[in-house]
Amino acid sequence: MDGTVASVLIGAALSRRINERLGMGRALVLTHSMLALAFGLLPTAMLGSTFFGFIVVVVSQAISNFTMPITNVAVMTLIQKATPSDMLGRITGAALPFVWGANALGPVMGSAIAAATSNVVAFLLASLLAGTAVVWILVGALHRLTDEVPEHLRVNA
């Protein structure tokens, strides 16, 4: 098993514990910060030998893979706790295409940006966008959420 597969399995195994310990909001701050770091590491892959570049890419991908299940658990928990049970199917059905659509669109846009500029610009932009997500979480009330969603942040039926 390679390191990147192991990291997603470790993230999945630890996701419940991390989300319970930090709360949904701080878990999202942590994972998005780690994702910004993972993308930010990639331009350094060109600074050394091929082996160095390989190690940087593997470490970056391992960090990214580790964050995925933790983020998914936090987001799905947030959606489930903020939504009345009779509306959960509709809300999830409306929200997830945006989440997964962004996951599909990101590599396409990143490739186009890299082709038009350079890989360094594309990776730095990805890192900046992940960092922007952290700022967005910190500016709003989301980072304060622990296990329960306050009534004023819930979806009204």
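Criterion first (over 15 Å from Gly25 (Cα atoms), more than 17 Å from the chain's Cα centre (by Cα) and open to solvent by 40 Å² or more (accessible area, probe 1.4 Å)) does Asn103 satisfy it? Here the answer is no, as Asn103 does not meet what is asked. One residue stands out in the range 1-14 among those that are in a helix (DSSP H, G or I) and of a type outside the set (Gly, Ala, Ser): the one that is least open to solvent (accessible area, probe 1.4 Å), namely Thr4. Condition check for Ala116 on (1) within 26 Å of Leu30 (Cβ to Cβ); (2) small (Gly, Ala, Ser); (3) open to solvent by 50 Å² or more (accessible area, probe 1.4 Å); (4) at pLDDT 90 or above: one failure, at (1). Is there a residue being open to solvent by 60 Å² or more (accessible area, probe 1.4 Å) and hydroxyl-bearing (Ser, Thr, Tyr) anywhere in the range 63-84? Looking for residues that are open to solvent by 60 Å² or more (accessible area, probe 1.4 Å) and hydroxyl-bearing (Ser, Thr, Tyr), one finds none in the range 63-84, hence no.
The residue that is least open to solvent (accessible area, probe 1.4 Å), counting only those in the range 15-46 that are out of contact with any helix residue (DSSP H, G or I) (no Cβ under 7 Å at 6 or more places or on another chain) and not basic (Lys, Arg), is Gly23.
As a summary of the residue check, Ser49 satisfies the conditions (1) surrounded by fewer than 19 Cβ atoms within 10 Å (Cβ to Cβ); (2) in contact (Cβ under 8 Å) with a residue 60 or more places away in the chain; (3) over 21 Å from Ala133 (Cα atoms); (4) not hydrophobic (A, V, I, L, M, F, W, C) except for the one numbered (2).
If you filter the range 93-113 down to residues that are modelled with pLDDT under 85 and in contact with a helix residue (DSSP H, G or I) (Cβ under 8 Å, 6 or more places away or on another chain), you find that the one that is farthest from Glu148 (Cα to Cα) is Val99.
The values are calculated or read from the model by the stated rules, or taken from the named source; none is laboratory data. This is a predicted model, so every value here is computed, not measured. Note that each Cβ is placed from the backbone with ideal geometry, even for glycine, and that neighbours are counted across all protein chains shown. Only protein heavy atoms, including side chains, enter the accessible area calculation; ligands, DNA and RNA are left aside. Shrake-Rupley method; radii C 1.70, N 1.55, O 1.52, S 1.80 Å.
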